[in-house]
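Q: The structure that follows is given in the form of structure tokens.
What follows draws every value from the coordinates through simple rules; no lab data is involved. Nothing here was measured: the structure is a model prediction, and the numbers come from that model. When we count neighbours, we look across all protein chains shown, and the Cβ atoms used for this are built from the backbone with ideal geometry, even at glycine.
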Amino acid sequence: MKTKVPGENDFLNDICSLPGGEDIRLCIQCGTCSASCPNASKMEFAPRELIAMARAGLRKEVLTSNSMWLCASCYLCTVRCPRGIKPTNLMHALESLAARDGLSSPRSLTPSMYRSFSDFVYSIGSVPEVGFMTWFYFLTNPLRAVKMLPLVYKLLTHGRLTIKARRMKPEAEQQLKAILDRAETLGGV
């Protein structure tokens, strides 16, 4: 049994244990990541603030924010960081922690979309667009799907949308599930 050391930050240790979160302690709070981020103005907390909050142990505040879900994975912050930290990878580590802990932001639908996508991939090995989006809207707001019907019609008539799922061969499906199960045991969600 591990004894708790006064002042120890369990949240920071959780982040450091995930791929992408190892270097969070190296941050010097220069703000280059936030200044580089094209979505910082839409985030509840800019990347620099999010890192400071994580280092302060504010687990719930960090994992229920919309900040990491709005990361565009453009890597501008990563390229420009003077300490070689990879904030983009850190954002993905925080997404993983939030999903693992069942926390999400009411200001972002991205966690629901990720969950829908992974459910489809795990269950049938592919993502039929109509089924995937129907399930996503069912989970989030079914009435929003009505607004999308004209677009769905245009995409269907131009052959740009598939209704029928392409099933994988049984042995390929088993291999994919084994890969996904292994990824989950390694800390993926």
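Q: For the residues Cys71, Cys16, Cys27, what sequence is obtained by ranking on other C-beta atoms within 10 Å, fewest first?
A: Cys16, Cys27, Cys71
Q: Further, regarding this structure: For the range 94-111, take each phi angle, set θ = phi - 60°, evaluate the Karplus expression 6.51 cos²θ - 1.76 cosθ + 1.60, and give the result in whole Hz per residue in order, putting x for glycine and proline.
A: Going residue by residue, I get 5, 4, 4, 5, 4, 5, 4, 7, x, 9, 7, 9, x, 8, 9, 8, 4, x Hz, with x marking Gly and Pro.
Q: Taking only the alpha-carbon atoms of the range 37-114, what semi-axes of the equivalent ellipsoid follow from 5 times the gyration tensor eigenvalues under a square root, in whole Å, largest first?
A: Each semi-axis is the square root of five times an eigenvalue, giving 19, 14, 11 Å.
Q: Using each residue's phi in the range 78-85, evaluate 6.51 cos²θ - 1.76 cosθ + 1.60 at θ = phi - 60° and report the 3J(HN,Hα) Karplus result to the nearest Hz, with x for Gly and Pro.
A: Along the range 78-85, the couplings run 5, 5, 8, 5, x, 9, x, 6 Hz.
Q: Compute the semi-axes of the equivalent ellipsoid of the range 102-162, taking the square root of 5 times each eigenvalue of the Cα gyration tensor, and list them largest first in whole Å.
A: Values for the range 102-162, descending: 22, 16, 8 Å.
Q: Which whole-Hz couplings ³J(HN,Hα) result when phi for each residue of the range 125-133 is put into the Karplus expression 6.51 cos²θ - 1.76 cosθ + 1.60, θ = phi - 60°, listed in order with x for Gly and Pro?
A: x, 8, 10, x, 4, 5, x, 4, 5
Q: Moving on to the next point. Cα centroids of the range 18-71 and the range 105-140: how far apart, whole angstrom?
A: Cα centroid to Cα centroid, the span is 25 Å.
Q: Here is a follow-up. Among Ser112, Ser41, Ser65, which one shows the biggest mean-square fluctuation in a GNM of the chain, springs joining Cα atoms closer than 10 Å?
A: Its mean-square fluctuation being the largest, the pick is Ser41.
Q: Here is a follow-up. Among Asn66, Asn141, Asn89, determine the one that fluctuates most according to a GNM of the chain built with springs between C-alpha atoms less than 10 Å apart.
A: Comparing Asn66, Asn141, Asn89 in a Gaussian network model of the chain, the most mobile one is Asn141.
Q: May I ask you to work out the translational diffusion coefficient for the chain at 10 °C, viscosity 1.306 mPa s, via Stokes-Einstein with Rh from the Kirkwood sum over Cα pairs, reported in whole µm²/s?
A: 85
Q: Still on this structure, please answer the following. Work through the residues other than Glu129 whose Cβ is under 14 Å from its Cβ and net out their charges, Lys, Arg +1 and Asp, Glu -1.
A: On the way: positive: Lys154, Arg160, Lys164, Arg166; negative: none.
Every neighbour counted, the sum reads +4.
Q: Then there is this: Report, in degrees rounded to the nearest 10, the 0 to 90 angle that the Cα long axis of helix 142-157 makes with the longest principal axis of the chain.
A: That works out to roughly 60 degrees.
Q: Can I ask one more? How large is the dipole of the chain about the Cα centre if only Lys and Arg carry +1 and Asp and Glu carry -1, each at its Cβ, rounded to the nearest 20 debye? Show your work: numbers first, answer last.
A: On the way: 24 positive and 16 negative charges, 105 e Å.
In total the dipole reaches around 500 debye.
Q: In percent, what relative contact order does the range 110-185 have, based on Cα pairs under 8 Å that are 6 or more apart in sequence?
A: This gives 38 percent for the range 110-185.
Q: When the helix-only estimate is applied to the chain (DSSP H runs of n ≥ 4, each -39,500 (n - 2.57), divided by the residue count), what is the mean residue ellipticity at 222 nm, nearest 500 deg cm²/dmol?
A: That calculation yields -16500 deg cm²/dmol at 222 nm.
Q: Once you list every other residue whose beta carbon is under 12 Å from the beta carbon of Thr32, what net charge do they have if Lys and Arg are +1 and Asp and Glu are -1?
A: Numbers: positive: Arg48, Arg80, Arg83; negative: none.
Overall, the nearby charge balance is +3.
Q: Over the chain, what is the mean sequence separation of C-alpha contacts under 8 Å (at least six apart), divided by residue count, expressed as relative contact order in percent?
A: Details: 201 pairs, mean separation 35.5, N = 189.
Rounded, it is 19 percent for the chain.
Q: Only Cα pairs within less than 10 Å get springs; with that Gaussian network setup on the chain, which residue of Phe138, Phe11, Phe120 has the largest fluctuation?
A: Highest fluctuation among the options: Phe138.
Q: Taking the chain as the reference, fit the longest principal axis to its C-alpha atoms, fit the long axis of helix 170-185 to the helix C-alpha atoms, and give the angle between the two in degrees, 0 to 90, nearest 10.
A: With rounding to tens, the tilt is 20 degrees.
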